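The values are calculated or read from the model by the stated rules, or taken from the named source; none is laboratory data. Not measured: the values here are computed from a predicted model. We place every Cβ from the backbone using ideal geometry, glycine too, and count neighbours over all the protein chains shown. Protein only, heavy atoms only, side chains kept; ligands, DNA and RNA dropped before computing areas. Shrake-Rupley method; radii C 1.70, N 1.55, O 1.52, S 1.80 Å.
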Amino acid sequence: FPSHDTGGRGGIRTLDTVEKWRLGYAKDLWRDLCNTLLEEGFEKEDLITTGLLKKTDGEEKYYDVFRGRIMFPIFDSGGRTIAFSGRTSSKDKNIPKYLNSKETVLFYKSEVLYGFNIAKEHIRKLDYSVLVEGQMDLIMSHQSGINNTVASSGTAITESHLKKLQRLSNRIIIAFDGDKAGERASKQTALLAIGLGMEVKIAIIDKDEDPASIIKKDKKMWRSIIKNSAYYTDNILKMALNENNEKDVLKSIYENVLPVVLVIKNEIEKETYVKKIASKLLS
């Protein structure tokens, strides 16, 4: 997998994307949302509980949590808004790039996958999911026609996330950023998924690239990367064997390949993989 064309209609307009994901913008003002919602009859304490407002220490003053940010509503599986993620429009490096809602009785980061409400039917139909890191990666991936994409939204992937996907399909392609952080997150997620008995592939993304940057250049390239993704077990072994000398090969096998062996639950699959490792080392 994937063995078929996942491409959708081409040239999706920006307005379509904005409407599909209900994107918005929080003005760079301290009390714009606060004043608007209070005028509409919302209670201050409810707005604080949901993480939209904060109270000034020692004063009866309130201010907006999200200011000067592109807003991404986060939905539950039924498409209801349960939280927000805001990407700053400022170039000030001291301002966090993303700001997310705090956890509430409705929103648990360990259980929510961005885009799941839209991707779930496509995952079931195509029998695999594509997992990316951020909201922009997900939106661009859907815009390119890969509608079975979900995102971790910068949160570490948990068993709860993977089990939610596994109920729809046992097959997953991990397509995280090509930087060191992305590599570490890919490894952690792959081991977790393999431990659950999932079939795991990895999208080969060049260093300093991410899904969004690739799609901006050429969405056909992104679909090709997904189509040609490699089984994680084979890829991690190939990378280890490509090291420059015997010492580095053994180190890479110890650090990257053996952890895969340890999490494989099926004894027949484990034995087959161990034989493959031995065969490659002796060849």
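Couple of notes before you dig in:
- Proportion of all alpha-carbon pairs of the range 62-136 beyond 22 Å (%): 32
- Listed pairs Lys164/Lys216; Lys163/Lys227; Lys27/Lys91; Lys207/Lys238 exceeding 25 Å between Cα atoms: Lys164/Lys216
- 25 °C / 0.890 mPa s Stokes-Einstein diffusion coefficient of the range 52-94, Kirkwood radius on C-alpha pairs, µm²/s: 197
- The residue list Leu165, Ser152, Val65 was ranked by how far each Cα lies along the charge dipole of the chain toward its positive end, using unit charges on Cβ atoms, and Leu165 comes out on top.
- Fraction of alpha-carbon pairs over 22 Å apart in the range 97-237 - percent: 31
- Residues Glu103 and Lys238, FRET efficiency given R0 of 35 Å [Cβ-Cβ distance, rounded to 0.05]: 0.30
- Taking 7 Å steps out from each Cα toward its Cβ at Arg124 and Lys270 produces label points 3.4 nm apart.
- Longest site-free stretch - the chain; sites: GluC sites (Glu not before Pro), DSSP loop, at most 12 other Cβ within 10 Å: 61-283
- Here the translational diffusion coefficient of the range 169-221 follows from Stokes-Einstein with Rh set to the Kirkwood radius across Cα pairs; for 10 °C and 1.306 mPa s it amounts to 135 µm²/s.
- In nm, spacing of pseudo-spin labels at Leu262 and Lys220 (7 Å Cα→C-beta vector): 4.5
- Heavy-atom accessible area, probed at 1.4 angstrom with all protein chains present, ranks Leu191, Leu29 as Leu29, Leu191, highest first.
- Span per principal axis, largest first, for the Cα atoms of the chain (Å): 73, 45, 36
- A simple spin-label model places the labels of Tyr231 and Asn35 6.2 nm from each other, with each point 7 Å out along Cα-to-Cβ.
- The length gained on full extension between Asn245 and Lys280, counted as 0.36 nm times the residue separation minus their Cα-Cα distance, comes to 11.1 nm.
- Accessible area of the chain belonging to carbon and sulfur atoms, whole % at 1.4 Å probe: 51
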